[in-house]
1. Mind checking which pairs have a first residue in the stretch A:240-269 that is closer than 27 Å to A:VAL70 by Cα and a second that is among the aromatic types (Phe, Trp, Tyr) and outside any loop (DSSP other than H, G, I, E, B), Cβ under 6 Å, 6 or more apart or different chains?
2. For the stretch A:97-154: of the residues being under 25 Å from A:ARG81 (Cα atoms) and of a type in the set (Phe, Trp, Tyr), which is farthest from the chain's Cα centre (by Cα)?
3. Could you tell me whether the stretch B:152-169 includes any residue that is modelled with pLDDT of 75 or more and surrounded by 14 or more Cβ atoms within 10 Å (Cβ to Cβ)?
4. Quick one: how many residues across the stretch A:51-81 are over 28 Å from the mean Cα position of the chain (by Cα) and at negative phi?
5. Those residues that are surrounded by fewer than 24 Cβ atoms within 10 Å (Cβ to Cβ), within 11 Å of chain B (Cβ to nearest Cβ) and over 22 Å from A:LEU280 (Cβ atoms), I need them from the stretch A:95-113; list them, please.
6. Which of (1) within 14 Å of chain B (Cβ to nearest Cβ); (2) part of a helix (DSSP H, G or I); (3) at pLDDT below 85 does A:ASP5 not meet, given it meets every other one?
7. Take the residues of the stretch B:2-15 that are surrounded by fewer than 18 Cβ atoms within 10 Å (Cβ to Cβ) and in contact with a helix residue (DSSP H, G or I) (Cβ under 8 Å, 6 or more places away or on another chain): which is nearest to B:VAL71 (Cα to Cα)?
8. Does A:GLY137 satisfy the criteria of being more than 9 Å from chain B (Cβ to nearest Cβ) and either surrounded by 24 or more Cβ atoms within 10 Å (Cβ to Cβ) or touching a strand residue (DSSP E or B) at 6+ places or on another chain (Cβ under 9 Å) (or both)?
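The values are calculated or read from the model by the stated rules, or taken from the named source; none is laboratory data. Keep in mind the model is a prediction, meaning the values are calculated, not measured. Cβ coordinates were reconstructed from backbone atoms using ideal geometry, including for glycine residues, and neighbour counts include every protein chain displayed.
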Amino acid sequence: MPLGDVSSLALLWALIKALILITFVLVSAIFFVWLERKVAGRIQDRLGPTRVGGKFGWLQTVADGLKLLVKEDLIPAHADRMLFRMGPYVALVGAFLAYMALPFGNQAVALEMNVAVFYMLAVLSTEVYGVILGGYGSGSKWALFGAMREAAQVVSYEVPRSLCVVIPILAAGTLNLNEIARQQVGGFWNWYVFHDPFTFVAFWVFFTVGTASCKRAPFDLAEAESELVAGFHTEYSGFRWLIFYMAEYGSMFSVSGIAVLLFLGGWHTGLLPFDLSDRLGLVGNIVNILVFVVKGWVLVFVMMWVRWTLPRLRIDQVMMTCLKYLLPLSCALLLGASVWPLVVNTLRIGWMY
Amino acid sequence: MSAEALFFWLLAVTTMGCAIAVVVTQNIVRAAVWLLFTLGGVAGLFFLLGADFVGATQIMVYVGGTLVLIVFGVMLTAQSPFVTMRAGAGEWGLTLVVGGVLVGLLAGVLFLSPWTGPQSDSAAPQSRSVALGSDPARSQTVRDLGLVLLGIREVHPNGSIPVPIRDADNNPQSVPRREIGYLLPFELASVHLVVVLVAAAYLARARRRTGSPSS
């Protein structure tokens, strides 16, 4: 935000926006942890948490959080104390910065940017630093291996992720996330996932790559319990460990949010022929925000579903999936999406004459 | 102090502190981490100036590139963790001389240049508010950059920002002048990057061992 002639009111407003976003990230992390346990329980044919807070165990995460707060904060004797302490915060800041440019509804964004998509891609890839700092600073072999795997995975998966993001941008013609979502108003056939065959495939590739970039199973080699104890956060306990989890769940929602905005019509329901915020003003925008959040939650739910259904890949399989399959696939999709409008226009003109 | 100045000093002091820490610290991974924060601070300065694209590029290219540096640092020190690098007195002296000369040169340029920016123009307030991009959403950074890289550059008499300046009756006051864009440098950079990519793939390919008895 440029502060050339900023008033104290604007500064206060910016502070309020940041506070709302932080609250959203933390509260949705609490919700996601509870949801993850319920989903895992149901998929494994058990109930998950049931007791804490009366029905459905809805206070389970809060109870766990309180337990983690009072746990002893251990730092290993061989740790690089500065990097060890810094790791979780760097991860959380990386996850949080992406929310600054994420529009929840029409103009309901902390900072509407002309280069929002580019900014989000740049910021999302900084979350890995927290993992590497934590893994290296722990002074433990397990943590170091986990961190190095994570680095290799992120560097590789960044390439197909960026290529897949470019494909709907080719159709939209702008990098402004608010504009991209505005263009998908109307029926769900206007969503960019149904724009042409290439964007349809690109959505699935992007979602796969997004799952991998959140280090979620089946791509969670950085914390593979069967091989590396707990990977990069082996040595963490208490509140610092909790912060790593908040960063992970925060980035899950922001990646899902990008997928919703780029491919799934953003805050549009896909049933109404107009934007609710244009007709109903503030009320419409609140409905829009709810629609967007629910869409993001559905994608997060799919990530959990995948996690508890598929077996974990090996590290060589993870790298092979990216470099041998997803990367050529996304290159081909990009090429196809570039040629598509030319072909369609040529056919249309040929049909007219 | 205005909020702008406050944020500038906050960012500038953080960036410079981290930059000094890069040089002073003796652990190679810590140095890379301080470099990370230095580059991030520079990105913050770009955002403060309203240069959204440059700021995001700074994060993407420089902050992202530091990842590889950190990975190499970790791999180099993985055998004996937290190995320290001690610089000798001669190295310190040489570094101080080179750094001092550079600082002197930059400070000289800074203080001796006549800084007649847009402030001295008649259209000062207009161009300043445009340059600061009072609304980052309405700014046309990406579109302008794309057109310039495709070879279309529009230059206005009162600045290089192609925003049509209109008078009270909403008539365009100045007609943009078409100049040569940057299509050739853009293409050269693309070809250069492709060559680098092919060369990297060539160097990193799995070589079949020649001369060994098995082959």
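1. What qualifies is A:TYR249/A:PHE32.
2. A:TRP142
3. Keep residues of the stretch B:152-169 that are modelled with pLDDT of 75 or more, which gives B:152.
Filter again for surrounded by 14 or more Cβ atoms within 10 Å (Cβ to Cβ), leaving B:152.
Yes, the stretch B:152-169 contains a residue that is modelled with pLDDT of 75 or more and surrounded by 14 or more Cβ atoms within 10 Å (Cβ to Cβ).
4. First pass over the stretch A:51-81, keeping only residues over 28 Å from the mean Cα position of the chain (by Cα): A:51-55, A:70-81.
Next cut, at negative phi only: A:51-52, A:55, A:70-81.
Summing the residues that are over 28 Å from the mean Cα position of the chain (by Cα) and at negative phi in the stretch A:51-81 gives 15.
5. Hits for the stretch A:95-113 are A:LEU97, A:MET100, A:LEU111.
6. (2)
7. Quick first cut of the stretch B:2-15, residues surrounded by fewer than 18 Cβ atoms within 10 Å (Cβ to Cβ) only: B:2-6, B:8-10, B:12-14.
With in contact with a helix residue (DSSP H, G or I) (Cβ under 8 Å, 6 or more places away or on another chain) added as a condition, the list becomes B:3-4, B:8, B:12, B:14.
On the way: B:ALA3: 38, B:GLU4: 36, B:PHE8: 31, B:ALA12: 27, B:THR14: 24 Å.
Restricting to residues being surrounded by fewer than 18 Cβ atoms within 10 Å (Cβ to Cβ) and in contact with a helix residue (DSSP H, G or I) (Cβ under 8 Å, 6 or more places away or on another chain), the top hit is B:THR14.
8. On the way: more than 9 Å from chain B (Cβ to nearest Cβ): no; either surrounded by 24 or more Cβ atoms within 10 Å (Cβ to Cβ) or touching a strand residue (DSSP E or B) at 6+ places or on another chain (Cβ under 9 Å) (or both): yes.
It is false that A:GLY137 is more than 9 Å from chain B (Cβ to nearest Cβ) and either surrounded by 24 or more Cβ atoms within 10 Å (Cβ to Cβ) or touching a strand residue (DSSP E or B) at 6+ places or on another chain (Cβ under 9 Å) (or both).
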